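Some notes on the structure that comes next.
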Amino acid sequence: MLIELAAANAAFAVIKEAVQSGNDIMSAGQAVFKFFDSKTEIAAKATKSGSDSEAFFALETIKQNEKQLRELMIYQGRGGLWDDWLAFQVEARKKREAESRAIVLKKRKRIKAVKDVITGIAVFLLGVTGIGVIVLLIWAVVTKGGQQ
């Protein structure tokens, strides 16, 4: 959790500097993505861990950074910058969720393929065993029938 918070704080410092310099938010480049990714990771870990005080304070720090970032974007950035930031976050979250669903779907397909191969091998072995049993029974009938 501390690693993600440190990454978020470092990214926030870069974003803040870019906005204060009058640059577009996207001029901060990777820092924008790192801040958003760190925020998402912290929120996910906080949700999993329940009432962890470390998670609470990390989320609180992120909220304060976002509030400060919002004020910077509204008062020092170009018009509509905060709205663009919110839209970016929505799109990034949708993209991340789509990638996550694709990974899960790919994993399910791989498991299904393995199950299909195992089922095919089992059916083949049962068929060969069944044929073997039939041949054995025929052989037994023929050999015992020939001895009488």
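Note on Cα Rg over 2.2 N^0.38 Å: of the candidates (1) 2.11; (2) 1.16; (3) 1.24, the value calculated from this structure sits at (1).
May I ask which of Lys45/Lys95; Lys39/Lys67; Lys94/Lys115; Lys16/Lys39; Lys16/Lys63 have a Cα-Cα span longer than 23 Å here? Correct reply: Lys94/Lys115. Rounded to whole Å, give me the distance from the Cα center of region 83-131 to that of region 4-36. That distance is 35 Å. Computed from label points 7 Å out along Cα-Cβ, the spacing between Ala43 and Glu71 is 2.2 nm. Dividing the helix sum by the residues of the chain, where each DSSP H run of 4 or more adds -39500 (n - 2.57), gives a mean residue ellipticity at 222 nm of -31500 deg cm²/dmol. Ranking Ile138, Val90, Ala46 by how far each Cα lies toward the positive end of the dipole of region 24-148 (charges on Cβ) leaves Ile138 at the top. Rounded to whole numbers, the Karplus 3J(HN,Hα) couplings from phi for region 4-20 are 5, 5, 4, 5, 5, 5, 5, 5, 4, 4, 5, 4, 4, 4, 5, 5, 5 Hz, using 6.51 cos²θ - 1.76 cosθ + 1.60 with θ = phi - 60°, and x at Gly and Pro. Using Cβ point charges alone (K and R +1, D and E -1), the dipole size of region 1-79 about the Cα centre works out to roughly 160 debye.
Values in this text are rule-based calculations from the coordinates and carry no lab data. Fair warning: this is a prediction, and the values are worked out from it, not measured in the lab. Counting neighbours? That spans all protein chains shown, and the Cβs are built from the backbone with ideal geometry, glycine included.
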